[in-house]
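One structure below.
Quick note: the coordinates plus some simple rules give every number you see, no bench work behind them. Computed from a predicted model, the values in this text were never measured in an experiment. Neighbour counts run over all protein chains shown; Cβ positions are idealised from the backbone, glycine included.
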Ligand code: GLV
Ligand code: MN
Ligand code: MN
């Protein structure tokens, strides 16, 4: 087929992107729509409406993922695309949203041009992709692919609440989250469009990133238990200051990231201090941290190296330490066939592209365990993301959505059996 015809309606897509952006938490910076918040609920109702308008049959699976189905000529294992519509606190308008609204626009263009795929096409808005206060991300894709455990639902977060309880209060059934709905089903393939969230494409003046791998992520939630005391009367040598121990841990995490391979990053992103007043020695501190890399060997050694040092420093301060680790995903290579067909489709559309890894985590990392999976990136201005300044031009998004359509058409027709990425041609 002539994939030129599948070019998206740029204005329609751009205006929807801004309609969705309005459904944000009023008291937060930027565009904030955290998982389990009321604006998130409203946004998901709105997404269901856009899916229905596009002609999709919409359901919500037991894991809370919104799934829109476009029937194909022959059915069989479905082809899947999508992303997420939750954001970080103080986030932007494009992370995740481009992949969901872009996929809905692809469906509209398929229908408007009378193009029917052989396979059913599923457009998915995955539940809670961003990291939540319980130190986990990709809730919906992990749940659906059967890797979410009861331990995860039992985790108490920096907000002092239990994940399972918060999910129940949002209307989800914890048993549904633990049922590997999609793990039982064969999928033809998965392709996700996303913003790059880093500077590489812009710096090189390129249209598209063909993602080769998604970084592995290890996280911990550490509880430092010291002793609350009067800050005026308790001598410096006689304190059990939980925050001082946590502060030393922050520096340990930074040192570990700096000493790692090029792709290694390490971040302490959330800290809660109790009771939280200048005139009380902190009795308790909760610290959330993460480590990422394309180097699985480095990542696999992180837990041992970091915990030894943090435990030593905590003991020096008389502080008890509890560390709860979780692995979001190991380093995940994307499927070579999917890379090849996305690159070939980019060539066909005249879009310049680069094969590149993703430093951000994505639902695609979990889908990759179930089926041939890949991703395509569009540029991010100044490489900014997870902040209100996140930006991608309408024309750049349109190129990505056009490529998503052209690649899905190829994926529909092709067996995904290549064992190697062909590389630039
Ligand atoms: C999601 O954006 C992540 O990389 O954590
Ligand atoms: Mn994202
Ligand atoms: Mn994100």
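Under a point spin-label approximation (7 Å from Cα along Cα-to-Cβ), what is the residue 53-residue 280 distance to one decimal in nm?
Modelled inter-label distance: 5.0 nm.
Taking R0 as 51 Å, what FRET efficiency do you get between residue 225 and residue 262 from their Cβ-Cβ distance, rounded to the nearest 0.05? Write down the numbers at each step before the final one.
Working: r = 36 Å, r/R0 = 0.71.
So the FRET efficiency works out to roughly 0.90.
For the ranges 225-232, 368-375, what's the packing order if you count other beta-carbon atoms within 10 Å of each residue, average per peptide, and put the highest first?
Top to bottom by mean Cβ count within 10 Å: 368-375, 225-232.
For the chain, what is the convex hull volume of its Cα atoms per residue in Å³? Could you put the intermediate results ahead of the total?
Values: hull volume 57.5 nm³, N = 425.
Normalising the Cα hull of the chain by residue number yields 135 Å³.
Once every DSSP H run of n ≥ 4 in the chain is given -39500 (n - 2.57) and the sum is divided by its residues, what mean residue ellipticity at 222 nm do you get, rounded to the nearest 500 deg cm²/dmol?
-10500 deg cm²/dmol
Using the per-residue mean of other Cβ atoms lying within 10 Å as a proxy for protection, in what order, highest first, do the peptides 302-311, 331-340 fall?
331-340, 302-311
Which FRET efficiency value, to the nearest 0.05, do you get for residue 415 and residue 348 by plugging their Cβ-Cβ distance into 1/(1 + (r/R0)^6) with R0 = 22 Å?
On the way: r = 19 Å, r/R0 = 0.86.
According to the calculation, E is roughly 0.70.
Listed highest first by mean packing, meaning other Cβ atoms within 10 Å per residue, what order do 288-294, 88-94, 259-265, 187-193 come in?
The most tightly packed comes first, giving 187-193, 288-294, 88-94, 259-265.
Work out the FRET efficiency for residue 74 and residue 387 from their Cβ-Cβ distance, taking R0 = 35 Å, and round it to the nearest 0.05.
The pair residue 74/residue 387 has a calculated efficiency of 0.20.
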